Amino acid sequence: MDESPLPIISDTTGLSARYRAFWRLKYLGLSIFGPAERRVLASPRERIKWDRAVKVMRAHEAAGTQPDDQTLYTVSRMEPRRPSR
């Protein structure tokens, strides 16, 4: 499995300004106060990047548009923690 860090996707489809601002604060907090470097699958920083990509992908699906390649790549790198409902 690829152990390189996930990219922070630039597509903001379906993400409000408030969500993006809080996401940046959370990412910054995890970068400063979070755990030491971990594998991609166990890292909270990588998990929030993946969660953001999934949210963007679902917004594209709802709008009937195609997400960009970076979003699809990021979503394909991890699995959900629990089954979606």
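Each reported figure results from applying straightforward, stated rules to the coordinates on display, with no laboratory input. In this text, all values refer to a predicted model and were calculated from it rather than measured experimentally. Cβ coordinates were reconstructed from backbone atoms using ideal geometry, including for glycine residues, and neighbour counts include every protein chain displayed.
Going by alpha carbons, how many degrees (0 to 90, nearest 10) lie between the helix axis of 44-63 and the longest principal axis of the chain? Taking the Cα atoms of the chain, the angle to 44-63 is about 0 degrees.
How big is the dipole moment of the chain about its Cα centre under a simple scheme where the beta carbon of each Lys and Arg is +1, that of each Asp and Glu is -1, and everything else is neutral? Debye, nearest 20, please. Mind showing how you got there, number by number?
Numbers: 16 positive and 10 negative charges, 109 e Å.
Using only the charged Cβ atoms, the result is roughly 520 debye.
If we count every other residue with Cβ under 14 angstrom of SER31's Cβ, Lys/Arg +1 and Asp/Glu -1, where does the sum land? Intermediate results must be reported in sequence, preceding the final value.
Numbers: positive: ARG24, LYS26, ARG38, ARG45, ARG47, LYS49; negative: GLU37, GLU46.
Here the charged neighbours net out to +4.
Under the convention that each Lys and Arg Cβ holds +1 and each Asp and Glu Cβ holds -1, the size of the dipole of the range 38-79 around its Cα centre is about 320 debye.
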